[in-house]
Amino acid sequence: MRNGSTNQSGKILATSEEFVPTAFHLPGELPALPLDESEPVHWQVAMKRAIRSSQQLRKAVGLPPDSAEVLLPEGKLAGERDFPTFAPLEFLARIQPNNPDDPLLRQVLPLPDEQVEQAGFAADPVGDLNALVSPGVLHKYEGRALILTTSACGIHCRYCFRREFPYQQTGSRKEDWLPSIEYLQNRPDIEEVILSGGDPLTTTDEKLNQLISALENIPHLQRLRIHSRMPIVIPQRITEELVKRLSSSRLSVWMVIHANHPQELSESVLLRTTHLIDSGIPVLNQAVLLRGVNDESEILAELCRRLVNHRIQPYYLHQLDRVRGASHFEVPVEAGLRIIESLRTVLPGYAVPQYVHEEAGEKSKSPILDNTREVKS
Ligand SMILES: *Cc1c(COP(=O)(O)O)cnc(C)c1O
Ligand code: SF4
């Protein structure tokens, strides 16, 4: 059995009702797909009107409901108890309707497979709780520290390694960054801060501005890195105000986005990332190797091509972290190595991401290399 004993909001969470300022009111009915992307709603409205249950999601993309046997009395799948469904319409607009195998849908649609118990798949697969050095700060690697900026995300990815992360216990739920700032102030060896989460860009521009200002006041910090899936999911989150704030920072700002499939790179996504890059903020992409989503070399080659065509550098391709509930996404390492090998033959070297895995306790992400390949001397 999965640990379904708690339904409390210590876990990764979509933003709740109180998050949206009252000045916004929602349309009574959800707009039909596909969306008109030329007139995007405010990103907070996009969050508020996101789809929040598997059955609602199935309906929105033209799939029949799940059969009653697999549903809990409240009409949800068991996997949704600890990690609710959350998918904004802006992301769903890139899904092909009536296709249960759509690679984008697969990333957000809960399946009965999530309940399959698999040996080796655990709640905290990368040892994050051991790396917690202060409330809300993970410090695993030399020179870089990661702030769990918030527990909220703009989408719930079913394969997420933090899908059961107890944000409440880590102090990262209330967006109180003072303990994190204090930790960083006392560590002159840290030169780069990574804002992660959750998703740091679910925080308002006003609050981000406060956080960035506090970081800028720490003299030994040189770089600010933002890890966010929001530019992909709700691209209008890249507001003019945000771009201005980041590009005028004393710190060198890098943005790391997260797209797994070329279909995620819509025109409005690429418009915003281009604006970031033109404003002096380098953009990198990380992807996770996922069965049934991007485990074919042609698909990843197309993703990487589209990224570098828009000056985004493919950074990491992650081997799946073995988090409970995600075993149906795992691709064997041997298959991953064959895919990378094939990418090398069709792409320029700078367009091939580093295939890595995170091992608890290691001093960096671990590269996954083909040991059978001989180096000729
Ligand atoms: C992945 C990670 C980083 C960043 O590692 P890079 O190899 O520099 O991208 C930093 N801190 C933590 C805790 C991480 O998990
Ligand atoms: S993969 Fe990123 S965006 Fe998706 S649920 Fe996890 S933390 Fe949130």
> Put a dot 7 Å past each Cα toward the Cβ at Lys244 and Lys59; how far apart are the dots in nm?
Replying inline: 4.2
>> I need the per residue convex hull volume for region 247-344, using only the alpha carbons, in cubic angstrom as a whole number.
In response: 116
>> Please report the antiparallel percentage of the DSSP beta bridges confined to the chain, to the nearest 5.
In response: 25
>> Run the numbers for Asn186 and Val375: contour at 0.36 nm per residue of separation, minus the present Cα-Cα distance, in nm.
In response: 63.6 nm
> Any idea what the relative contact order of region 170-309 is, in percent, if you count C-alpha pairs under 8 Å spaced at least 6 apart?
Replying inline: 21
>> Which residues does the label zone of Ser252 cover in region 178-212, counting backbone N under 15 Å from a point 7 Å along Cα→Cβ?
In response: 191-194
> By counting other Cβ atoms within 10 Å of each Cβ, how are Asp128, Asp101, Asp199 ranked from fewest to most?
Replying inline: Asp101, Asp128, Asp199
> Got a sec to turn the phi values of region 72-77 into Karplus ³J(HN,Hα) couplings, 6.51 cos²θ - 1.76 cosθ + 1.60 with θ = phi - 60°, whole Hz, x for Gly and Pro?
Replying inline: 6, x, 7, x, 10, 7
> How much FRET efficiency would the formula 1/(1 + (r/R0)^6) give for Leu72 and Ser342, where r is the Cβ-Cβ distance and R0 is 25 Å, rounded to 0.05?
Replying inline: 0.05
> Residue farthest toward the positive end of the dipole of the chain, with Cβ of Lys/Arg at +1 and Asp/Glu at -1: which of Val308, Leu337, Ser297?
Replying inline: Val308
> Taking only DSSP H segments of four or more residues, each worth -39500 (n - 2.57), what value at 222 nm results for the chain once the sum is divided by all its residues, to the nearest 500 deg cm²/dmol?
Replying inline: -7000 deg cm²/dmol
> Using the Cα atoms of region 114-159 to build a convex hull, what is its mean projected area in square nanometres?
Replying inline: 4.6
> Dipole size in debye (nearest 20) for the chain around its Cα centre, Lys and Arg Cβ +1, Asp and Glu Cβ -1?
Replying inline: 400
> When only C-alpha pairs under 8 Å and at least 6 residues apart count, what is the relative contact order of the chain, in percent?
Replying inline: 17
>> Given bins 10 angstrom wide, list per bin the percent of all Cα-Cα distances in the chain, short to long.
In response: 5, 23, 34, 27, 9, 1, 0
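No lab work stands behind these numbers, since they all come straight from the coordinates. Quick caveat, the model's predicted, so the values are computed rather than measured. Cβ sites come from the backbone with ideal geometry, for glycine too, and all protein chains shown count toward neighbours.
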